[in-house]
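First the structure, in the form of C-alpha cells, and then the observations on it.
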Amino acid sequence: MDSQKVATQATLSWPHSPVHWLNDAGTYIVTAATRRKEHLFRSAERLNYLTNALITLSEEYGWRLQAWAIFSNHYHFVAASQTPKTLRRLIQYLHSVSAKHINLHDGQPGRNVWFQYWDTRLTNEKSYFARLNYVHSNAVKHGLVKRAETYPWCSAGWFAMRASRPFYETVRRFPCDRVSVPDEFDVCPTLNVECGSRAPAFDTSNSKKPATAAARLPHSTRLPG
C-alpha cells in the first residue's frame, strides 16, 4: 500500500455508532504531547497520518474510539475496551510508528518525538459526557475553527453524523469547562483548516473490512510480528 496515498487521503470504515454508556471493563481519556510541545505534526499530511494510525491501531487492539482530536503537538482521545491493559501497548506502537514516519521525512532518525501521555479512567456518566464534549470541541477551544465539525482531524463531524440526535444534543450541551485534562498547548498558528486542508475521508457505510486493521497501514507503520 502506498504510504503517501494513505497519509494524505485515508479512508476508514466506521461500522459502529457512538455508544451512550460507559464500558464496565474500561473507558479512558488519553492525552499525549510531543517533546517540548514542538509542532512536529504541523502539516495536513502528518495530521492525516497520525489520525489514520490512531484509528487503525485502536481497532487492531480492540479499542472503540468515541472521540478524538489531533493537533500539531498533542492529541486527545476517548476510547473503551474490554481489555484495558492493552492501552499502554497501543500508545507505544502509535508513538513508535508516527515518530518513525516524520523522522524519515525530516532526515532525523532516532529523534525523540513524544514526551509522555496521561490517561484517566472514566467511571460515571457525567464525566464521560463532559469529556466527549471536551474532545469533540477541542479545536474550537484552541481557536483553529469556529465550528468543531469543520476541523478535519477530530471526531466532531463523525459524531454529528452517526450519533442519535438525542445523544448528540445531550453531549453537545453538556458542560465541559471544568474538565481537568492536560491541555496547556499552543497549537500551530499556520494551520488554516477552513481554507481547504486535505483531510482523511471516513467511510460511514458498513462495508466489509480487511482481515486486520494493520493491513491498512502503510509499510512504515506495520506492526512487527
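Summary table
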{"quantity": "Region 55-102, accessible surface, carbon-and-sulfur percent (1.4 angstrom probe)", "calculated": "50 percent"}
{"quantity": "Gyration tensor verdict on region 91-171 (Cα atoms; rounded if a/c is under 1.5, prolate if a/b is larger than b/c, oblate otherwise)", "calculated": "prolate"}
{"quantity": "Residue pairs, from the table 100/126; 85/141; 37/141; 85/126; 100/146, whose Cα atoms sit over 27 Å apart", "calculated": "100/126; 85/141; 100/146"}
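The values are calculated or read from the model by the stated rules, or taken from the named source; none is laboratory data. If you're wondering where the values come from, they're calculated on a predicted model, not measured in any experiment. Calculation scope for accessible area: heavy atoms of the full protein, side chains included, ligands and nucleic acids excluded. Shrake-Rupley method; radii C 1.70, N 1.55, O 1.52, S 1.80 Å.
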